[in-house]
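Encoded as structure tokens, the structure appears first; notes follow it.
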Amino acid sequence: IHTAFCTGLAKVLKGDDAMLEYLDLSDNKVDDPGVELLVDALQNNTSLVALKLERNNGISTHGQIMLPKLVNNISSIKATLQSKHTLAHVYVVDQSVTVK
């Protein structure tokens, strides 16, 4: 998928009725701009538990650095404490990062 598809997917994921728990976008040519769109769309998501982005060679270190925003609101200590994110597993580059 390219940035255009990520844009459409982001619109769906931003909806109040998005109850997605598992999203597998492995092997879909997701790149850094696509990761940025997904991160923005999932900022307030409270249902996603696992996100797979394995074997997407377009995701650089910069794209990987954006992913922790999905796990927790790191804009301030107060925001971190009030965060309601449920994402516990992010898979990138064939490695699992488990958040506890």
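The values are calculated or read from the model by the stated rules, or taken from the named source; none is laboratory data. None of the values given here were measured: they were computed from a predicted structure. Neighbour counts run over all protein chains shown; Cβ positions are idealised from the backbone, glycine included. Keep in mind that these areas ignore ligands, DNA and RNA; they rest on the heavy atoms of the full protein, side chains included. Shrake-Rupley method; radii C 1.70, N 1.55, O 1.52, S 1.80 Å.
Taking (1) at pLDDT 90 or above; (2) more than 10 Å from the chain's Cα centre (by Cα) in turn, Lys52 satisfies each apart from (2). Out of Asp16, Asp24, one residue alone is without any contact (Cβ under 8 Å) to a residue 24 or more places away in the chain, at negative phi and open to solvent by 30 Å² or more (accessible area, probe 1.4 Å). It is Asp16.
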